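Heads up, the thing below is written out as structure tokens.
The values are calculated or read from the model by the stated rules, or taken from the named source; none is laboratory data. From a predicted model like this one, the values you see are computed outputs, not experimental measurements. Counting neighbours? That spans all protein chains shown, and the Cβs are built from the backbone with ideal geometry, glycine included. These accessible areas exclude ligands, DNA and RNA; they are computed on the full protein's heavy atoms, side chains included. Shrake-Rupley method; radii C 1.70, N 1.55, O 1.52, S 1.80 Å.
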Amino acid sequence: MTGAPDSCGRSINYLRVSVTDRCNLRCIYCMPPSGVPLLRQSDILSYEEIGTVVRATAEVGINKIRLTGGEPLVRAQLPRLVEMLCEVQGVEEVSLTTNGTLLSRHALELKQAGLTRVNISLDTLRADRYRGITRLGELTAVLHGIETAQEAGLHPVKINVVLIRGVNDDEVLDFAAMTVDREWHVRFIERMPFNGEVDFVPTSEVQQRIGVLGKLEPRVAPTGNGPAAYYRLPGARGTIGFITPLTEPAFCSRCNRLRLTPDGKLRPCLLGEAEIDLRRLLRNNASPETLRRLVQQAVASKPQRHHLEAGRTNPPDADPERSRRTTGEGGGPKRRMSQIGG
Ligand code: SAM
Ligand code: SF4
């Protein structure tokens, strides 16, 4: 069985698991310089608890798992979790989203544990600018991480680029050009308004700029489950993808995912407000049947679409026992991306 049908005719087969709200960087569009208030360690799900949730989601047809954060590689023994999740019946793929700074140390062990592939966030190819955007990071560490991941066989390596007008949008052509000679799969992501800001670089503008390098030919995805549309420059080894949550009206119609926050809340929608508290149930020995039923409820309650363009998020779930309002009025969710799991 692949995928659980939701009420809008979508098939939900993908769970993004945020393993921590901690991060070793402070990207300017994701966190304030001092970071965000952190969860207590005891509030973060253990690997065993994550395993229990993943067994429940696999039973309803969710067969792909992506680990994210915060920065997932700051959590100790991540390969142990990868190995555990790969053994869950029904799970076909475990992948990772990371800032890449710690990847060179862990890529081989992650591959050996069963990780299939990796997405690496990299918003600039200039060392001084990288330090400026991430406030703490070293570009060379990420480039080394990308190389090590490729050598370890974590294919395809996808590079996620969030464009910020006036900060890195002058590097569109540099990133696009990287896909010609290297097997880089670069995806430009429209910046979402998590902190109230709404300035973003529309995909149509990015595509127009790339046009000077050649005609973009549509391609099928180089594997993946995501919402990106892929293209290739003539003769290029890699691809260029676009993720368009803000400018494509049909974006949400391709949504295939649920999210699990580090503190065990199951979220039907990244940009919504509804959450189902699984941690409380996990710690009260809920039966597998109860967990499975709640996963099915989360799937059924997925909203048809987000309402960011109208300056508001989706309403919380109607049942106050099952959901909790976590976001403010307008301008995107109050929990930041690092607290939900991007
Ligand atoms: N720390 C890891 C990383 O940076 O890849 C994983 C977590 S991070 C929150 C996941 C992804 O969310 C990154 O690719 C990051 O660029 C993206 N992201 C964070 N804030 C965003 C925003 N406001 N709009 C769009 N993408 C955002
Ligand atoms: Fe950390 Fe990723 Fe957020 Fe950057 S985008 S601050 S690396 S969680």
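Expressed as a whole percentage, what fraction of the accessible surface of segment 4-254 belongs to carbon and sulfur atoms when a 1.4 Å probe is rolled over the protein heavy atoms?
The value for segment 4-254 is 52 percent carbon and sulfur by accessible area.
Per residue of the chain, what 222 nm ellipticity follows from adding -39500 (n - 2.57) for every DSSP H run with n ≥ 4, rounded to the nearest 500?
-8000 deg cm²/dmol
I want to verify a result. In a Gaussian network model of the chain, Cα cutoff 10 Å, which of these has the top mean-square fluctuation: ASN119, ASN168, ASN256?
Greatest mean-square fluctuation among the candidates belongs to ASN168.
Could you identify which residue out of LEU110, LEU102, LEU266 has the top mean-square fluctuation in a GNM of the chain using Cα springs shorter than 10 Å?
LEU102
Select from segment 1-93 those trypsin sites (Lys or Arg not before Pro) which occupy a DSSP coil region and have at most 16 other Cβ atoms within 10 Å, ordered by residue number.
ARG40
Between ARG131 and ASN285, with labels modelled 7 Å along Cα→Cβ, what's the label distance in nm to one decimal, could you check?
It is 5.6 nm.
Which of the pairs LYS64/LYS215; LYS64/LYS158; LYS158/LYS215; LYS64/LYS111; LYS111/LYS158 have their Cα atoms more than 24 Å apart in this structure?
LYS64/LYS215, as the Cα separations exceed 24 Å there.
With a 10 Å cut-off between alpha carbons and a GNM built on the chain, which of GLY70, GLY90, GLY166 moves the most?
The residue with the greatest mean-square fluctuation here is GLY166.
Straight-line reach from LYS265: which lysines have Cα under 16 Å away, leaving out those fewer than 8 places along the same chain?
LYS302, LYS334
Skip the ligands, DNA and RNA, and give the accessible area per residue of segment 37-98 with a 1.4 Å probe, whole Å².
Accessible surface, normalised per residue, equals 39 Å².
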